[in-house]
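Beneath this line is the structure, given in structure tokens, with notes to follow.
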Amino acid sequence: MHIIENILVSDDILERKFACQLSACKGACCWEGDLGAPLKEEELPILDHLKEILWDDLTEKSKVTLKDAKPYKYYAGLEGFGTELNRDGSCVFLKIGEEGIAKCIIEEAYKNGKTDFQKPISCHLYPIRVESNPDVFFTALNYDEWDICAEACKAGESMSIPVYRFLKEPLIRAFGEDFYEALEAAGEYHANSSTKP
């Protein structure tokens, strides 16, 4: 465990290798599981707004789900809010694109200039999960191991890409350039010290 800018970072984030392989998993993290993507409180009104401006882009089943509902709900398992799910477990902001690969409607809208919100930060950071308790100023970054990401782990190993390097962009988005530079320095030190006899 490392402490960087008062944030606890698990060794797995520095040691484990990862490179997402959508062609293998098809984006299953967007439809597998019982909980929606964790959301920060400040993201809730953004999703309310996105529900309105992206309504025509939603799938028919998502329109049914969201007709009289918010695009998020409280999950006891998260101890907080997450994206709403359709009855089949898929995120309401998911659609299936070419070759059966999941696409995020929010991210597509961002790329097309419809919104300046890229996607929920928990989605962008995956497989890093953030645990925090603002009352005691506690934040921890942990690696979330899931069997659907097995091919991503294999690819990361073959390309020697640590989790933190694969997730450079979202880590900077979430915590800033200075944090990432310190994290990278910790990762390099950790790698060098672990290879010494």
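By what distance, in whole Å, do the Cα atoms of region 1-56 stretch along each of the three principal axes, largest value first?
Ordered largest first, region 1-56 gives principal extents of 44, 34, 20 Å.
Apply the Karplus parameterisation 6.51 cos²θ - 1.76 cosθ + 1.60, with θ equal to phi minus 60°, to every residue of region 36-46 and state each ³J(HN,Hα) to the nearest whole Hz, in sequence, with x for glycine and proline.
Residue by residue, region 36-46 yields x, 5, x, 10, 7, 4, 6, 7, 4, x, 5 Hz.
With the crude spin-label approximation of a point 7 Å out along Cα→Cβ, what separation in nm comes out for Ala150 versus Asp11?
2.6 nm
Order of Trp55, Trp146 from fewest to most other C-beta atoms within 10 Å?
If I rank by nearby Cβ atoms, fewest first, I get Trp55, Trp146.
Around Thr139, with a cut-off of 11 angstrom between Cβ atoms, what is the net charge of the other residues, counting Lys and Arg +1 and Asp and Glu -1?
Around Thr139, the surrounding residues sum to -2.
Averaged over every viewing direction, what's the projected area of the C-alpha convex hull for region 26-126? Give it in nm², one decimal, please.
6.2 nm²
By how many degrees, between 0 and 90 and to the nearest 10, does the Cα long axis of helix 150-159 differ from the longest principal axis of the chain?
It works out to around 40 degrees.
Evaluate the relative contact order of the chain (contact order divided by residue number), counting alpha-carbon pairs under 8 angstrom at least 6 apart; express in whole percent.
33 percent
As I understand it, the value is the acute angle between the Cα axis of helix 177-195 and the longest principal axis of the Cα atoms of the chain; what does it come to in degrees, rounded to 10?
Value to nearest ten degrees: 50.
Tell me, how many Å apart are the Cα centres for region 65-135 and for region 1-46?
Measuring centre to centre over Cα atoms gives 12 Å.
For the chain, what class follows from the C-alpha gyration tensor (a ≥ b ≥ c being the square roots of its eigenvalues): rounded when a/c is under 1.5, otherwise prolate if a/b is larger than b/c, else oblate?
Prolate, since a/c reaches 1.5 and a/b exceeds b/c.
Please work out the FRET efficiency for the pair Ala69 and Lys168, using the Cβ-Cβ distance as r and a Förster radius of 30 Å; give the result to the nearest 0.05.
Computed FRET efficiency for Ala69 and Lys168: 0.25.
Each value in this text was obtained by applying a stated rule to the coordinates, not by laboratory testing. This is a predicted model, so every value here is computed, not measured. Methodologically, a virtual Cβ is constructed for each residue, glycine included, from the backbone with ideal geometry; neighbour enumeration extends over all protein chains shown.
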